[in-house]
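Below is one structure, written out as structure tokens, with a few remarks after it.
The values are calculated or read from the model by the stated rules, or taken from the named source; none is laboratory data. Just so it is clear, the model here is predicted, and its values are computed rather than measured. Cβ placement follows ideal geometry from the backbone for every residue including glycine, while neighbour counts extend to all protein chains displayed. Remember, those area values only see protein heavy atoms, side chains included, never the ligands or the DNA or RNA. Shrake-Rupley method; radii C 1.70, N 1.55, O 1.52, S 1.80 Å.
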Amino acid sequence: MKRRIAEEVAETALEATPTWAVASVCFILILISYLIEHLLNLLAKNLKKQKKRSLIQSLEKIKTVLTLLGFITLLLTVGERPIAKICIPKSVGETFLPCSGVTLDESVEEPRCAKQGKVSLMSRSGVRELQFLVFLLAFFHSISSLFTFSLGMAKMRTWESWEAETRTVEYHISKDPNRFLLTHQTSFGKRHLSYWSESPIIRWPICFLRQFYESVSKVDYLTLRHGFIMAHFEVRSNFDFQKYIRRALENDFEVVVGISSWIWIFAMLFVIFNANSFRSYLWLPFIPVVMLLVVGTKLQGIITLMCLDSKDKSEVVRGALLVKPSDHFFWFGNPKLLLYLIHFILFQNSFQLAFITWTLYKFGFNSCFHHRTEDPIIKLVMGVLVNLLGGYVTLPLYALVTQMGTTMRKAAVFPETVIVGLESWRARAKKNLKSSSAMTSADNTLSTNTTPFSLTPSNSIGSNNPFSEHVAIANLMNDEHNGIGKQSPEYHKASSFPGFQVCNSSPVFQMESHY
């Protein structure tokens, strides 16, 4: 390592480099940058054609993250010399070292610090190595997020055949309300009601194992879909539940690809705990995969708990077993907490993959960062496993189970094209309503000055008024904007959308039933 540092110090300065070499390197970097920008613009245009507004926002979030990490790299480049001139005592510089038995090389220290008998806070070569780590973090975070999300969406496409089955005559016959069954005789009851479901000591290990085999079964999907429909829509509505949860997951993807402030705090803790004194190589690489398995176990347990809750309410099922959506099945009554945990897991896994790649590239397999040759292999396998397990198992399971909360995700009810049309419709209705109010006010003033009688509200905006249609539209959109997504007080209420009459004969529902 000392020889490598000495070679870096002895590198040729830019003033002794041919100008054609500098221009060639700059040209290649600019060409690569333009190529990446062109690919991102093509992706954005494709998403606009498909009317994927939530994914466009996620793409913008990725660009923001890349810009932020690029700005951090720029600050490290500019601050390379000032950071190296910050001097600290040698006793402090020898604490929390990532490798044991490594002595400081005074030849690479700043002369200013060496004269004071101190060491630099970070050497100039260390700052340059840190820039490479930040670049790898940006690369792995973007690639891992896109890979995990694409794998989850591919798994959810297999549910389209289950959703199509709900429109068949056989499915509606199986939900015949004139048929009575005991709870444990239903398909959902047979899967979740057994000797192990009543005992938490046995139930949670079973739920842990289930996420590796049929994490989302057909009977689970159809039962949760039925409970969701009964809680928010008409009994025999044609609501496409599969497309709804797919749109909900697209909205959540914007959170996953971002980097929040609290995520950065944990990233700094990850760097601190990489010190040799913490023996982090024994436990730190396994944190993301353990947390992911805990989240998957919790999601499987929620399905079983909903089945037990339905059994406690009634031993006899009329038609089909009905599960009631509720927030109390989730940790702290907050379904969105699971999304933040998945976000944290994926980022920490990306940080770990970037860190391993950085150490392998800069220091090799036999460096002090890896106590054994198989350590980096185990870490890389754990990182890839988290991406595969998160995308194919945990993410689809999360997308399905979190819809069983008390409230509905209003942003995912309608497709992007319908949302844009409704927002435009609402804006035009409000604009025409203001024009109508201004004209009515002028008519009232004129009538007051000419006759002792004034116009009544029924005359100003009524069934014969050309602006009454816009008034009704504005009221409907206001109701939808303020009340959508709130579950009705009564579980079997026809609709949970104030202002919308969700039934087979409703024009609004007819429009939604095709998506």
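Couple of notes before you dig in:
- Comparison of 364, 421, 319 shows that the only residue that is at pLDDT below 85, in contact with a Pro (Cβ under 9 Å, 6 or more places away or on another chain) and either open to solvent by less than 10 Å² (accessible area, probe 1.4 Å) or of a type in the set (Gly, Ala, Ser) (or both) is 319.
- When the stretch 163-189 is filtered for residues that are in contact with a Lys or Arg (Cβ under 6 Å, 6 or more places away or on another chain) and open to solvent by less than 50 Å² (accessible area, probe 1.4 Å), only 183 remains.
- Qualifying residue in the stretch 374-383 (condition: closer than 30 Å to residue 49 by Cα, out of contact with any strand residue (DSSP E or B) (no Cβ under 8 Å at 6 or more places or on another chain) and either modelled with pLDDT under 75 or in a helix (DSSP H, G or I) (or both)): no
- For the stretch 192-222, residues that are open to solvent by 40 Å² or more (accessible area, probe 1.4 Å) and either of a type outside the set (Lys, Arg) or within 16 Å of residue 317 (Cβ to Cβ) (or both) total 14.
- All positions within the stretch 16-49 that are part of a helix (DSSP H, G or I), farther than 19 Å from residue 67 by Cα and among the polar types (S, T, N, Q): 19, 24, 46
- Counting the residues of the stretch 66-96 that are of a type in the set (A, V, I, L, M, F, W, C), under 25 Å from residue 140 (Cβ atoms) and open to solvent by less than 80 Å² (accessible area, probe 1.4 Å) gives 6.
- Residue within the stretch 275-295 that is farther than 20 Å from residue 353 by Cα, open to solvent by less than 20 Å² (accessible area, probe 1.4 Å) and either in a loop (DSSP other than H, G, I, E, B) or at pLDDT 85 or above (or both) present: yes
- Failed item in (1) over 30 Å from residue 131 (Cβ atoms); (2) at pLDDT 85 or above; (3) open to solvent by 20 Å² or more (accessible area, probe 1.4 Å), with residue 406 passing the rest: (2)
- Any pair with Cβ under 8 angstrom, 6 or more apart, that starts in the stretch 115-130 at a residue that is touching a residue at least 12 places away in the same chain (Cβ under 8 Å) and buried (at least 17 other Cβ atoms within 10 Å of the Cβ) and ends at one that is in a strand (DSSP E or B) and not acidic (Asp, Glu): 118/87; 118/88; 119/87; 119/88; 120/87; 120/88; 121/87; 121/88
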